[in-house]
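Following: one structure in structure tokens, then a few remarks.
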Amino acid sequence: MTRTHTCGELRASDAGKSVVLLGWVNRRRDHGSLIFLDLRDRYGITQVVMDNELSPVAHAKAEHARPEYVVAAIGKVRLRGKDVINPKMATGEIEVVANELRILNDAKVPPFSPAEEAIANEEVRLKYRYLDLRRPEMQRNLEIRHKVALAVREYLSAQGFFEIETPFMTRSTPEGARDYLVPSRVHPGEFYALPQSPQIFKQILMISGMDRYFQIARCFRDEDLRADRQPEFTQIDLEMTFPQQETVFAVVEGFLKAAFEVTGEQIRAPFPRMTYDEAIRRYGIDKPDLRLPAMVDLTSDFTPELRTALKIEQELPVLGFTVPRVGELSGTARKALTSDIRASLGDSALDVLDIARLRTNDTFAGLADKISEKLSDELKVFDERGLASRDLNVVITPKPGVAAQAKDRLWIYKKVGQLRLDLAKRFQDKHSAFEKKGNADDYKFLWVTDFPFFEWDGQTHTWTFAHHPFTSPHEDDLIAGRMESDPEAVRALAYDIVLNGMELGSGSIRIHRQDVQGQIFRALGMSDEEARLRFGFFLDALQYGTPPHGGIALGLDRIIMILTGATSLREVIAFPKTAKAIDLMADAPSQVSEQQLRELHIRPTKA
RNA sequence: GGGGACGUAGUUCAGUUGGUCAGAAUGCUGCCCUGUCACGGCAGAGGUCGCGGGUUCGAGCCCCGUCGUCCCCGCCA
């Protein structure tokens, strides 16, 4: 028996055709001698009618049909009468009159119905993932995922990129996230590691002369999960020879445009660029959400006299920001908000300034006006509407004699930046900046460039890689000798792509010269021997004619999350894991037999 | 590792101050129904209140512990 049509394709123009539909029983409506079955498959839902007078055998079968049974309906397409057309269904103008119904498979009563509007809790959904995936929403999510992957492949292929697979079982490299390890049976006590990314292999492919590589690659990181983080996730990974940063940007902008067209979304490219420094100063974070107005630096408006009068620490920055369209707050609401802000500022190194009260005082009224004006200017840049009395202005000041932590300017910027996001989230129903409006403004892309090359490790009191060890520093900083004189000022040719405050991907131009690589390792206080131990095979490869190269990797799951409007990666991954990295359906991880452990030369220290 | 929310029927949830508090809806089972499409009507079954301990005359409710799910911080070159 062959399916002639799917459950989503029959239309009025098919009336009179003999058809065979195969699918799951979505719902059954029993009117006695007339039974309706809604048949569901990936493509849609079609109503099948069993009439006791026309076909008593089919009708008798339908009496036994239950939700989620798999059935075959054989019959004729019939136009529905005018008064029983269902405009809510794509197939609502017709129905299939069955002259034969076959039950191909019955089904236990499911713990929840894929036809249900209200969805079960996630624990149940994950345990019975096959039922959850029958839901049209999940089918749509995975369809979009498939089509985006396809669009990316087509685009990159047309740009000359080869899709090349790299090993899942490879060597553990000591930097970065915790590895998932795979014990070797043949080599007692030795382990493979699952790749955190194909980083080294893709660089070696450049050394191999593959010129342009990409891969939709699974990556594994044994770190704690978040709504947007899974232990295994998928990256659109690419690398090319002889690139400028701009070359990489153009490729990414190209395939993102193609990817977003899958759901009919238009995006504007090229994307704006911003240095890391500017991102920190204006947004207090390295992944700015441009859907909200930036912070405003009010430091220069607070003269030493004013600071003394208002009990504000000299020198340190004063930062303000606006949350748009919050509306008038009552006195109690304002008080509660202020105390909430104080609470989130925590250790009282920073304080919130009451602008309303400032304005009532003759001494400070001028200052209050100036602050409002500056915040208004920023808001105008943001949406050309300017400051209204119903926007919420927040000004954060450093307290005098504060904890050493707050002396760190970076800490202040980050803290205020966090507050900016927290308050925006709190009032999101009011300003609706996070809602889709159906135009290109829904997607605020941004390239963040010039990341610092080194990062101070407070625990070991050493400089460490901010990116990864093969990221190239700025040529200028090398020539100026800052590697030795001022490591903090060295910029990396590293860049992130950010969308609506979410880090979508990260990449860099790599080091291709051995002398530079050596210089980097020395700056980090790493001996040649140690470097060799950690990255030996790659350092070898570098010596055999390495072309300048660079690339990037973007989180495919996160892109799909944005495109589907999902709030969690689990909604766009067929078989995801829980926050404790458990697969509730397969019940993994699990214990294994003594025999397996013996073969792998492993003895658990804890059962 | 830390903080928070939640856990009651298959499912989604309500359950007041510790004292008819074992409830609703939906699903399920049976019967009835020829135009429904979240069909409708009648009847019925369905519970270790996550688990363990404690307080109390008495615990779904209070306390301690534990397990699970979710969110956040740390972590994620």
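The values are calculated or read from the model by the stated rules, or taken from the named source; none is laboratory data. It should be emphasised that the depicted structure is a prediction, and the values quoted were computed from it without experimental measurement. Using ideal geometry, Cβ is built from the backbone for each residue, glycine included, and neighbour counts are taken over all protein chains shown. Ligands, DNA and RNA are stripped out before the accessible areas are found, and what is left, the full protein with its side chains, is counted by its heavy atoms. Shrake-Rupley method; radii C 1.70, N 1.55, O 1.52, S 1.80 Å.
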The condition of being within 16 Å of RNA strand B (Cβ to nearest atom), farther than 23 Å from A:GLY254 by Cβ and out of contact with any helix residue (DSSP H, G or I) (no Cβ under 6 Å at 6 or more places or on another chain) holds, among A:SER472, A:SER485, only for A:SER472
Looking across segment A:45-80 at residues that are polar (S, T, N, Q) and part of a strand (DSSP E or B), the single one that is nearest to RNA strand B (Cβ to nearest atom) is A:GLN47
Of A:VAL77, A:VAL70, the only residue that is touching a Lys or Arg at 6+ places or on another chain (Cβ under 7 Å) and at pLDDT 95 or above is A:VAL77
Within segment A:90-116, the count of residues that are more than 8 Å from RNA strand B (Cβ to nearest atom) and of a type outside the set (Lys, Arg) comes to 15
Listed by first then second residue, the pairs whose first member lies in segment A:34-57 and is more than 17 Å from A:VAL70 (Cβ to Cβ), whose partner is more than 10 Å from RNA strand B (Cβ to nearest atom) and open to solvent by 20 Å² or more (accessible area, probe 1.4 Å), with beta carbons under 8 Å and at least 6 positions apart or on separate chains, are A:LEU54/A:ASN99; A:SER55/A:ASN99; A:SER55/A:GLU100; A:VAL57/A:GLU100
A careful count of residues in segment A:522-533 that are more than 33 Å from the chain's Cα centre (by Cα), surrounded by 14 or more Cβ atoms within 10 Å (Cβ to Cβ) and not in a helix (DSSP H, G or I) gives 1
In the set A:VAL592, A:VAL498, the lone residue that is out of contact with any Leu (no Cβ under 7 Å at 6 or more places or on another chain) and either within 15 Å of RNA strand B (Cβ to nearest atom) or in a loop (DSSP other than H, G, I, E, B) (or both) is A:VAL592
A:GLY327: passes all of (1) at pLDDT 80 or above; (2) in a helix (DSSP H, G or I) but (2)
(1) within 9 Å of RNA strand B (Cβ to nearest atom); (2) part of a helix (DSSP H, G or I); (3) at pLDDT 95 or above all hold for A:ASP83 apart from (3)
Within segment A:59-85, the residues that are among the acidic types (Asp, Glu) and either loosely packed, with under 13 Cβ neighbours inside 10 Å or at negative phi (or both) are A:GLU63, A:ASP83
Here the qualifying pairs (Cβ atoms under 6 Å; residues six or more apart or on different chains; first in segment A:406-431 and within 15 Å of A:LEU345 (Cα to Cα); second surrounded by fewer than 18 Cβ atoms within 10 Å (Cβ to Cβ)) come out as A:TRP411/A:GLN405
Flagged in segment A:387-403 as of a type in the set (A, V, I, L, M, F, W, C) and at pLDDT 85 or above, in numbering order, are A:LEU392, A:VAL394, A:VAL395, A:ILE396
Filtering segment A:23-44 down to residues that are near RNA strand B (Cβ under 7 Å from one of its atoms), open to solvent by less than 70 Å² (accessible area, probe 1.4 Å) and on the phi < 0 side of the Ramachandran plot yields A:SER33, A:LEU34, A:PHE36, A:ASP38
Selection over segment A:17-44 where residues are assigned to a strand (DSSP E or B) and farther than 17 Å from A:GLY75 by Cα yields a count of 7
Across segment A:123-145, the tally of residues that are open to solvent by 60 Å² or more (accessible area, probe 1.4 Å) and within 7 Å of RNA strand B (Cβ to nearest atom) stands at 1
Per the filter on segment A:86-116, residues open to solvent by 60 Å² or more (accessible area, probe 1.4 Å) and farther than 30 Å from A:ASP14 by Cα are A:LYS108, A:VAL109, A:PRO111
When (1) touching a residue at least 12 places away in the same chain (Cβ under 8 Å); (2) assigned to a helix (DSSP H, G or I) are applied to A:HIS146, the one that fails is (1)
The condition from (1) more than 30 Å from A:ARG140 (Cα to Cα); (2) open to solvent by 60 Å² or more (accessible area, probe 1.4 Å) that A:LYS580 misses is numbered (1)
Quick check on A:ILE119: is it among the β-branched types (Val, Ile, Thr) and either open to solvent by 40 Å² or more (accessible area, probe 1.4 Å) or within 7 Å of RNA strand B (Cβ to nearest atom) (or both)? yes
Flagged in segment A:481-501 as touching a residue at least 12 places away in the same chain (Cβ under 8 Å) and of a type in the set (Asp, Glu), in numbering order, are A:GLU484, A:GLU488, A:ASP496
Would you be able to say whether some residue in segment A:352-363 is assigned to a helix (DSSP H, G or I), open to solvent by 70 Å² or more (accessible area, probe 1.4 Å) and closer than 16 Å to A:LEU392 by Cα? yes
Of (1) open to solvent by 30 Å² or more (accessible area, probe 1.4 Å); (2) under 24 Å from A:ARG510 (Cα atoms), A:PRO188 fails just (2)
Within segment A:150-188, residues more than 16 Å from RNA strand B (Cβ to nearest atom), assigned to a loop (DSSP other than H, G, I, E, B) and either closer than 29 Å to A:TYR544 by Cα or at pLDDT below 95 (or both) come out as A:GLN159, A:GLY160, A:PHE161, A:ILE164, A:GLU165, A:MET169
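Results for (1) among the charged types (D, E, K, R); (2) open to solvent by 10 Å² or more (accessible area, probe 1.4 Å); (3) part of a helix (DSSP H, G or I), shown as yes or no for each residue.
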| site | (1), (2), (3) |
| --- | --- |
| A:PHE535 | no, no, yes |
| A:LEU539 | no, yes, yes |
| A:TYR544 | no, yes, no |
| A:LEU554 | no, no, no |
| A:ILE562 | no, yes, yes |
